[in-house]
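Engineer: Submitted below is the structure of interest, expressed as structure tokens.
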Amino acid sequence: MRRPIALLTALLAGLVLAGCGSGPSQVYSAAIVGDRSVPLDDVQQEIDWLLDNVPQAQQAQRQGKVDMFAREVVRGRVIHQLAQIAAKREGVTADRGEIDELIRGSGGVDEVSRSAGVEPSRVRDLASDQVVLQELARKYIGRLSVSLVGTVITGDEPGNSAKEQATALGRRIADDPERARAIARDAGHQLVDEKLDFAEALQNDPELATSAVFGSREGTVVVVQPSRQQAGWLVGLVDERRTTGQADAAEPQVNPEYLYFAGLRMLQPVAEDVGVRINPRYGLWDEAALSPAPNEDELTGRLLRSRTVNS
């Protein structure tokens with residue numbers, strides 16, 4: 001049985017808030033996804049609707065935190081564009097009847113718009129995206145695996161946080177990926193050298209499964225904090241990424257929320273392919289979180305392209 005759409009979107013919002021050339025003009029766009037524009041006026045219209053109709057947005061306005069809701073509006077529209085591109089590439093469709101059922105089961109358009117924090121005209125897009133992303137995750141269960149080489153940094157040093165240490169080590173590995181194992185060992189940290197299966201991770205370590213590790217291309221060095229419960233920054237070179245296995249005939253029992261986030265993570269290669277630009281008034285694109293971040297200092301992680309990728 002599927003969970004109500006409001007639950008999934010509310011959970012997603014919580015995670016996100018806790019963080020020149022040809023083509024469309026950035027001046028009139030809140031975001032540009034490939035050659036698709038997210039119009040600035042549309043985003044502002046939705047923000048105005050939230051401020052008029054959603055108590056949480058009104059409270060944020062009183063606290064001077066409307067910018068968080070604005071970034072969430074932009075994030076939702078960027079995800080919609082990426083989901084449409086992914087659906088076309090992967091041959092995934094959102095069944096109209098399933099979308100209707102999802103909206104009805106969540107209380108109808110008005111209830112979803114208030115609880116999920118989107119204007120009514122976007123509710124159907126929201127439901128469609130949820131169906132597409134869950135189907136996208138199912139498509140990769142049993143097929144996707146990655147080999148990761150690196151380490152985990154857990155402790156701060158005087159004047160040098162664990163995040164800063166991890167980023168510096170990630171850059172060293174990206175500069176010399178053939179020596180990833182030696183660099184991790186020489187830094188005095190325990191080596192991580194594992195092959196990770198997407199389906200197994202979804203069942204046993206969902207936060208890792210829905211992190212940038214499984215969305216990154218071969219040759220990418222990920223610097224992320226995969227767990228909210230456990231301290232530690234994972235620094236790892238994606239030594240190999242395979243999608244050649246056979247999809248499981250019987251889908252393993254996976255929490256629908258994690259299935260949604262797993263599908264969301266499968267948008268990461270699409271975003272890398274087409275490019276995502278955010279209007280500076282909303283911050284910048286956080287590749288690791290697949291959402292806008294307020295500024296460079298608040299990026300949730302780094303995806304560093306090694307010279308293997310760049311060559």
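Engineer: Give just the number: which of (1) of a type in the set (A, V, I, L, M); (2) open to solvent by 10 Å² or more (accessible area, probe 1.4 Å); (3) over 28 Å from Thr154 (Cβ atoms) does Leu234 not satisfy?
Structural biologist: Here Leu234 meets the rest and fails (3).
Engineer: I'm told Gly142 meets every condition in (1) open to solvent by less than 60 Å² (accessible area, probe 1.4 Å); (2) at negative phi except one. Can you identify the failing condition by its number?
Structural biologist: (2) is the only condition that Gly142 fails.
Engineer: Looking at Ala174, Ala168, Ala187, can you tell me which residue is at pLDDT 95 or above and open to solvent by 30 Å² or more (accessible area, probe 1.4 Å)?
Structural biologist: On the way: Ala174 fails: open to solvent by 30 Å² or more (accessible area, probe 1.4 Å); Ala187 fails: at pLDDT 95 or above.
Checking each option against the conditions leaves just Ala168.
Engineer: How many residues are under 18 Å from Arg305 (Cα atoms), in contact with a strand residue (DSSP E or B) (Cβ under 7 Å, 6 or more places away or on another chain) and either open to solvent by less than 30 Å² (accessible area, probe 1.4 Å) or of a type in the set (Phe, Trp, Tyr) (or both) if we restrict to region 190-217?
Structural biologist: Kept after step one, since they are under 18 Å from Arg305 (Cα atoms), are these residues of region 190-217: 211-217.
Pick out the ones that are also in contact with a strand residue (DSSP E or B) (Cβ under 7 Å, 6 or more places away or on another chain) and you get 211-214, 216-217.
Now narrow it down to the ones that are either open to solvent by less than 30 Å² (accessible area, probe 1.4 Å) or of a type in the set (Phe, Trp, Tyr) (or both): 211-214, 216.
Counting residues in region 190-217 that are under 18 Å from Arg305 (Cα atoms), in contact with a strand residue (DSSP E or B) (Cβ under 7 Å, 6 or more places away or on another chain) and either open to solvent by less than 30 Å² (accessible area, probe 1.4 Å) or of a type in the set (Phe, Trp, Tyr) (or both) gives 5.
Engineer: So which residues in region 254-299 are within 15 Å of the chain's Cα centre (by Cα) and small (Gly, Ala, Ser)?
Structural biologist: Ala262, Gly263, Ala271, Gly275, Ala288, Ala289, Ser291, Ala293 - these are the residues of region 254-299 that are within 15 Å of the chain's Cα centre (by Cα) and small (Gly, Ala, Ser).
Engineer: Identify all residues within region 53-104 that are open to solvent by 40 Å² or more (accessible area, probe 1.4 Å) and assigned to a loop (DSSP other than H, G, I, E, B); write none if there are none.
Structural biologist: Hits for region 53-104 are Gln63, Gly64, Lys65, Gly91, Thr93, Asp95.
Conditions (1) farther than 30 Å from Gln45 by Cβ; (2) buried (at least 21 other Cβ atoms within 10 Å of the Cβ); (3) modelled with pLDDT of 95 or more, marked per residue:
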{"site": "Asp129", "(1), (2), (3)": "no, yes, yes"}
{"site": "Thr151", "(1), (2), (3)": "yes, yes, yes"}
{"site": "Asp156", "(1), (2), (3)": "yes, no, no"}
{"site": "Ala162", "(1), (2), (3)": "yes, no, no"}
{"site": "Gln225", "(1), (2), (3)": "yes, no, no"}
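Engineer: Now a separate question. Scan region 116-160 for residues that are small (Gly, Ala, Ser) and part of a loop (DSSP other than H, G, I, E, B) and jot them down. Give the steps one after another, and end with the answer.
Structural biologist: Going residue by residue through region 116-160, those that are small (Gly, Ala, Ser) are 116-117, 121, 127-128, 137, 142, 145, 147, 150, 155, 159.
Listed by number, the residues that qualify are Gly117, Gly142, Gly155, Gly159.
Engineer: State which residue is nearest to Ala86 (Cα to Cα) when the search covers only region 280-294 and only residues that are open to solvent by 20 Å² or more (accessible area, probe 1.4 Å) and in contact with a strand residue (DSSP E or B) (Cβ under 7 Å, 6 or more places away or on another chain).
Structural biologist: Start the filter on region 280-294 by keeping residues that are open to solvent by 20 Å² or more (accessible area, probe 1.4 Å), which leaves 280-281, 284-285, 287, 289, 294.
Filter again for in contact with a strand residue (DSSP E or B) (Cβ under 7 Å, 6 or more places away or on another chain), leaving 284-285, 287.
On the way: Leu284: 22, Trp285: 18, Glu287: 16 Å.
Of everything passing the filter in region 280-294, Glu287 is nearest to Ala86 (Cα to Cα).
Engineer: Can you pull out every residue in region 105-115 that is outside any loop (DSSP other than H, G, I, E, B) and either touching a His at 6+ places or on another chain (Cβ under 7 Å) or open to solvent by less than 20 Å² (accessible area, probe 1.4 Å) (or both)? Don't jump to the end; show me each part of the working.
Structural biologist: Of all residues in region 105-115, those outside any loop (DSSP other than H, G, I, E, B) come to 105, 109-115.
Selection gives Val112, Ser113.
Engineer: Do you know which of the residues in region 258-279 that are under 18 Å from Val238 (Cβ atoms) and not hydrophobic (A, V, I, L, M, F, W, C) is surrounded by the fewest Cβ atoms within 10 Å (Cβ to Cβ)?
Structural biologist: Checked region 258-279; the qualifying residue surrounded by the fewest Cβ atoms within 10 Å (Cβ to Cβ) is Asp273.
The values are calculated or read from the model by the stated rules, or taken from the named source; none is laboratory data. Here the structure is a predicted model, which is why all the values come from computation and not from measurement. All Cβ positions, glycine included, derive from the backbone under ideal geometry; neighbour counts span all protein chains shown. Accessible surface areas use protein heavy atoms only, side chains included; no ligands, DNA or RNA. Shrake-Rupley method; radii C 1.70, N 1.55, O 1.52, S 1.80 Å.
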